[in-house]
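A.B. asks: Before I ask anything, here is the structure I am working with.
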Amino acid sequence: NMAPGATDTEYPEEAEARLLNEEYKIWKKNTPFLYDLVVAHALEWPSLTVEWLPVKERHEEAGYSKQQLILGTHTSEGEQNYLMRAEVALPLEDSETDNRGYNDDSGEVGGFGGTNGRIQIVQQINHRGEVNRARSCPQNHFLVATKTVSADVYVFDYSKHPSKPNSDGVCKPDIKLTGHSNEGYGLSWSGIKEGMLLSGSDDSQICVWDIKGLPDGSSELAAMSKFTGHVGVVEDVAWHPKDPNVFGSVGDDKQLCLWDLRKGGANTMTSKIEAHEAEVNCLSFNPFNQHILATGSADKTVALWDVRNMGRALHVFENHKEEIFQVSWSPKHETILASSGADRRLMIWDLSRIGDEQTPEEAEDGAPELMFVHGGHTAKISDFAFNEQDDWVMASVAEDNILQIWQMSSSIYGA
């Protein structure tokens, strides 16, 4: 069924677009079997960042809960950017409306009939340039830190900003954190010490601030410490979940570094290893087992590490076809890890299945520890987040403006 005058040699872009479309159609057809919930929402602009806020209002009668997400914008030249809060209505698992029916019209799973506007932007805060990453403070979720196009890190208290932004477009962060000389993506709040914020940037530096140390009446704070251990871009940083003095960092120099603030000075870096064969883009500490962390790389693999023996990786997860940009552990299950990247796929891995026997057919689909592949995105996935309130519910955002909220079928994780 070729167009008149067309030849067999399609342009690569067209061939790719056609393949994507075919893949997406197949995915869409299979969603009722693979998922208990799929909600897709087209944002006005792509968001490079997504995070659930720890708030959940239950509406028993209506059969849903209202939850919230932090998002950003990445607009085109000259268009205003925003830090945003979205409200999401999700069906209560135990409610009557939870027949989780598949809705043919919308192609959504887990719908509740005529409830429109399941995802609504409820707050827009003027932001200077795109929001590279936004993370809320675990002890005070009204405080949201952002990585910006400038070297500064901003902190917004969203309870102090109106829901509709001022039309002058002026960005008014509640705190401006200085210390970097270039933009970046790495950002992590301490889960143990309230107000401790860690950041890594393209200037090859790591900065630490204690926003509790902000002088009265001031809105600007310099870094309390700066660390240089990477050569080139620091791609990601993360606080250790159990030890308030320990953090990790990864970078374009392929290195994974561990740091301990108690050591001080030149000894602050406690270990440094070449973790991958290419740039390391992300890291995540296991929230249950304090010795375990994971890294994701441009070499298309996720590596598993034990901090007590960094000589070599405990395991390497291989199935991604392109660079990996994000990795995160489940907040609820010690052995569950997720990764996403430029191949438009989000993969969920189960460490407890490593080494399980497989039939040749099973082996064709991937390693035994590959538990689930989310194939709903048709562009590079920029960020994703596990929902801490509702088990196995995920949010993911891609470069084509699409935000998806989804939950794999309980038949897969065996609830």
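The values are calculated or read from the model by the stated rules, or taken from the named source; none is laboratory data. The structure presented is a predicted model; accordingly, all values stated were derived computationally and were not measured. When we count neighbours, we look across all protein chains shown, and the Cβ atoms used for this are built from the backbone with ideal geometry, even at glycine. Accessible surface areas use protein heavy atoms only, side chains included; no ligands, DNA or RNA. Shrake-Rupley method; radii C 1.70, N 1.55, O 1.52, S 1.80 Å.
A.B. asks: Can you go through I354, I381, I412 and tell me which one is of a type outside the set (K, R) and closer than 24 Å to S188 by Cα?
C.D. replies: Values: I354 fails: closer than 24 Å to S188 by Cα; I412 fails: closer than 24 Å to S188 by Cα.
Criteria check complete, one pass: I381.
A.B. asks: In addition: Please find, within region 215-258, the residue that is least open to solvent (accessible area, probe 1.4 Å) out of those that are aliphatic (A, V, I, L, M) and over 24 Å from N281 (Cβ atoms).
C.D. replies: Here the residue is L221.
A.B. asks: Residue by residue through region 293-303, note down the ones that are open to solvent by 10 Å² or more (accessible area, probe 1.4 Å) and in contact with a strand residue (DSSP E or B) (Cβ under 8 Å, 6 or more places away or on another chain).
C.D. replies: Taking region 293-303 first, the residues open to solvent by 10 Å² or more (accessible area, probe 1.4 Å) are 298-301.
A298, K300, T301, listed by residue number.
A.B. asks: Of (1) closer than 21 Å to A134 by Cα; (2) in contact (Cβ under 8 Å) with a residue 40 or more places away in the chain; (3) open to solvent by 10 Å² or more (accessible area, probe 1.4 Å); (4) not aliphatic (A, V, I, L, M), E279 satisfies all except one. Which?
C.D. replies: (1)
A.B. asks: Going through region 326-344 one residue at a time, which ones are farther than 16 Å from I412 by Cβ and assigned to a loop (DSSP other than H, G, I, E, B)?
C.D. replies: Within region 326-344, P331, E334, A342, D343, R344 qualify.
A.B. asks: Hey, another quick one. Does V373 qualify as being over 30 Å from L71 (Cβ atoms) and open to solvent by 30 Å² or more (accessible area, probe 1.4 Å)?
C.D. replies: So V373 fails the test.
A.B. asks: Kindly provide the set of residues from region 171-198 that are among the β-branched types (V, I, T) and under 20 Å from the mean Cα position of the chain (by Cα), ordered by number.
C.D. replies: none
A.B. asks: Exactly one of (1) open to solvent by 60 Å² or more (accessible area, probe 1.4 Å); (2) part of a loop (DSSP other than H, G, I, E, B) is unmet by Q120. Its number?
C.D. replies: Tallying (1) open to solvent by 60 Å² or more (accessible area, probe 1.4 Å); (2) part of a loop (DSSP other than H, G, I, E, B), Q120 fails exactly one: (2).
Yes or no, residue by residue, for (1) of a type in the set (V, I, T); (2) under 16 Å from the mean Cα position of the chain (by Cα):
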{"position": "R345", "(1), (2)": "no, yes"}
{"position": "L370", "(1), (2)": "no, no"}
{"position": "I381", "(1), (2)": "yes, yes"}
{"position": "A385", "(1), (2)": "no, yes"}
{"position": "E388", "(1), (2)": "no, yes"}
{"position": "A395", "(1), (2)": "no, yes"}
{"position": "E399", "(1), (2)": "no, yes"}
{"position": "I402", "(1), (2)": "yes, yes"}
{"position": "S410", "(1), (2)": "no, no"}
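A.B. asks: So in region 50-74, with the set limited to residues that are outside any strand (DSSP E or B) and within 19 Å of the chain's Cα centre (by Cα), which one is nearest to D174 (Cα to Cα)?
C.D. replies: Residue satisfying both the conditions and the ranking: T73.
A.B. asks: Looking at (1) outside any strand (DSSP E or B); (2) open to solvent by less than 50 Å² (accessible area, probe 1.4 Å), find the lone condition where I273 falls short.
C.D. replies: So I273 meets the others, but not (1).
A.B. asks: Which of the residues that make up region 209-236 are farther than 16 Å from Y154 by Cβ and of a type in the set (V, I, T)?
C.D. replies: T228, V231, V233, V234, listed by residue number.
A.B. asks: Against the conditions (1) aromatic (F, W, Y); (2) within 24 Å of I381 (Cβ to Cβ); (3) open to solvent by less than 40 Å² (accessible area, probe 1.4 Å), where does F325 fall short? Just the number, please.
C.D. replies: (3)
A.B. asks: Also: Do you know which residues across region 356-370 are open to solvent by 80 Å² or more (accessible area, probe 1.4 Å), at pLDDT below 95 and assigned to a loop (DSSP other than H, G, I, E, B)?
C.D. replies: Selection gives D365 alone.
A.B. asks: Is it the case that some residue within region 240-249 is polar (S, T, N, Q) and within 24 Å of E323 (Cα to Cα)?
C.D. replies: Yes, some residue in region 240-249 is polar (S, T, N, Q) and within 24 Å of E323 (Cα to Cα).
A.B. asks: Could you grab me the full set of residues in region 123-163 that are in a loop (DSSP other than H, G, I, E, B) and either open to solvent by less than 30 Å² (accessible area, probe 1.4 Å) or closer than 24 Å to Q404 by Cα (or both)? Steps first, please.
C.D. replies: Here is the first cut: in region 123-163, the ones in a loop (DSSP other than H, G, I, E, B) are 128-132, 138-139, 148-152, 161-163.
Hits for region 123-163 are G129, E130, V131, N132, P138, T148, S150, A151, S163.
A.B. asks: Can you tell me which residue within region 169-191, out of those that are in contact with a strand residue (DSSP E or B) (Cβ under 8 Å, 6 or more places away or on another chain) and of a type in the set (S, T, N, Q), is farthest from K242 (Cα to Cα)?
C.D. replies: S181
A.B. asks: Would you pick out the residues in region 328-342 that are acidic (D, E) and surrounded by 18 or more Cβ atoms within 10 Å (Cβ to Cβ)?
C.D. replies: Passing the criteria: none in range.
A.B. asks: Would you be able to say whether some residue in region 196-206 is open to solvent by less than 30 Å² (accessible area, probe 1.4 Å), at negative phi, assigned to a loop (DSSP other than H, G, I, E, B) and hydroxyl-bearing (S, T, Y)?
C.D. replies: Yes, region 196-206 has at least one match.
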